[in-house]
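The values are calculated or read from the model by the stated rules, or taken from the named source; none is laboratory data. For clarity, every value in this text was computed on a predicted model and none was experimentally measured. Methodologically, a virtual Cβ is constructed for each residue, glycine included, from the backbone with ideal geometry; neighbour enumeration extends over all protein chains shown.
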């Protein structure tokens, strides 16, 4: 124990330092001071475990020094040094927080070793009592945490919330990480950190609770069921940690998979009918079915995002439903996010001054263009597929969408081509085919008319542009 001796009498200090076998009792004298002020300066410059101080000193008494040390350095053990045989000052000092005392005359009487044995024992016992809450806290269940990305292309290297805690992020799968060395034992602590540091913007924390008393480390096989739980449980408008139980990772039976597929088929039929746009009861039934059956989040998000993306092609579509033409991901972070978007979109789509069946037919046509872009689509075959006559289809399309069928088809195909030109290394002729243009030269001509540059020039320009 690094020890500092404070006494205004020079010979007393030297006598203590030179004649007492400190090291035999676990003490190392690392400094001395002649008064409390100089002692405090030494405490500022080096770590001290034990302070042995006289009580009657000029400039700053031992009692004043004790008070300062207890406020600034509460972990330092204080032993008082006194020459008063009646121990009145020593007893008073122990009431102020000293661990023990030494009487100066014991140096001459050769009884210092006995006193040091007593002091060493008391410090050891008090240290155990002081450390017990820390030990108990460490023995508490530490949260097993998995981080699911809430934003693309993120790495949790900046996660820090205490100088004494440096969390370690272990890569798992699909952009997820296991978080260790974080020191968090409750989800409330976790939420407080995530909220104060604004980590929810990039990472959704998942608390993995094991039914096994021994617990187990999160594994790669957990990622898919964890992401499913996040999709249905997380709310970006009211973020909080997601709780996931390891029992959810157990393999599902064939019967349960068939039941899930049946639910997904029903969900898909109800959604693609588009009658939920006008029928509030049907919309509620559909959302309830999704939330109760919890089918594959990838399938649900792809279905809804494709619809949102298709409707964003309408000329007067609100900005909030517009999807960036180069966006490649069709998976949303959470169900609540999709549900909010659909709720707002319903209100917008209901504003068309056409019969319900007519508007639904046009919306289905927009969805066909989005999903079957590479097919040979024309106004006649699309009108037939949505159960509208060709002439009536053409008459209603522009007022509802804001442009003609041909204009929309061309614009969506060019946006698809933009996406492929930037996101792939496909040849120009292949990009043309995938975007629904049957001729590369015609594709280049149309692309230049709408984007004022050739496809090759567009690719080079955008790939060289800073992101």
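Scan segment 181-194 residue by residue and report those that are under 19 Å from residue 219 (Cβ atoms) and free of Cβ contacts under 8 Å to residues at least 24 places away in the same chain. So that I can check it myself, show each step before the final result.
Taking segment 181-194 as the starting set, the residues that turn out to be under 19 Å from residue 219 (Cβ atoms) are 181-182.
The answer is 181, and nothing else.
So that you can scan it fast, the table gives a plain yes or no per residue for (1) more than 25 Å from the chain's Cα centre (by Cα); (2) modelled with pLDDT of 85 or more; (3) closer than 23 Å to residue 408 by Cα:
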{"position": "295", "(1), (2), (3)": "no, yes, no"}
{"position": "301", "(1), (2), (3)": "no, yes, no"}
{"position": "310", "(1), (2), (3)": "yes, yes, yes"}
{"position": "318", "(1), (2), (3)": "yes, no, yes"}
{"position": "325", "(1), (2), (3)": "yes, no, yes"}
{"position": "334", "(1), (2), (3)": "no, yes, no"}
{"position": "342", "(1), (2), (3)": "yes, yes, yes"}
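Considering each residue of segment 386-405, count those that are surrounded by 14 or more Cβ atoms within 10 Å (Cβ to Cβ), in a helix (DSSP H, G or I) and in contact (Cβ under 8 Å) with a residue 24 or more places away in the chain, and give that number.
As a first pass, look at segment 386-405 and keep what is surrounded by 14 or more Cβ atoms within 10 Å (Cβ to Cβ): 386, 388, 390, 393-394, 396-398, 400-403, 405.
From the residues that got through so far, the ones that are in a helix (DSSP H, G or I) too are 390, 393-394, 396-398, 400-401, 405.
Retained after the next criterion (residues that are in contact (Cβ under 8 Å) with a residue 24 or more places away in the chain): 393, 396-397, 400-401, 405.
The total comes to 6.
What do you reckon, is residue 383 within 20 Å of residue 272 (Cα to Cα) and surrounded by fewer than 20 Cβ atoms within 10 Å (Cβ to Cβ)? Spell out the reasoning first.
Values: within 20 Å of residue 272 (Cα to Cα): yes; surrounded by fewer than 20 Cβ atoms within 10 Å (Cβ to Cβ): no.
Taking the combined requirement at face value, the residue does not satisfy it.
Under 8 Å between Cβ atoms, at least 6 apart or on separate chains: pull out the pairs that start in segment 250-261 with a residue that is under 26 Å from residue 208 (Cα atoms) and end on any residue that is modelled with pLDDT under 75.
260/252
Within segment 241-261, identify whether any single residue is crowded, with 16+ Cβ neighbours inside 10 Å, modelled with pLDDT of 90 or more and in a loop (DSSP other than H, G, I, E, B), and answer yes or no.
Yes: one or more hits.
Starting from segment 1-26, keep only residues that are assigned by TED's automatic domain parsing to the domain that holds residue 124 and within 19 Å of residue 127 (Cβ to Cβ), then list their pairs with residues that are modelled with pLDDT under 85 and outside any helix (DSSP H, G or I) whose Cβ atoms are within a distance under 6 Å, requiring at least 6 positions of separation or different chains.
Cβ pairs passing all conditions: 26/1.
Could you say whether any residue in segment 190-198 is outside the structural domain of residue 291 (by TED's automatic domain parsing), modelled with pLDDT under 90 and closer than 19 Å to residue 290 by Cα?
For segment 190-198, residues outside the structural domain of residue 291 (by TED's automatic domain parsing), modelled with pLDDT under 90 and closer than 19 Å to residue 290 by Cα: absent.
Working carefully through the options 408, 373, 377, find the one that is assigned to a helix (DSSP H, G or I) and surrounded by 15 or more Cβ atoms within 10 Å (Cβ to Cβ).
Working: 373 fails: assigned to a helix (DSSP H, G or I); 377 fails: assigned to a helix (DSSP H, G or I).
Of 408, 373, 377, the one residue that is assigned to a helix (DSSP H, G or I) and surrounded by 15 or more Cβ atoms within 10 Å (Cβ to Cβ) is 408.
Please enumerate the residues belonging to segment 111-126 that are touching a residue at least 24 places away in the same chain (Cβ under 8 Å) and surrounded by 13 or more Cβ atoms within 10 Å (Cβ to Cβ).
Result: 112, 113, 116, 119, 120, 123, 126.
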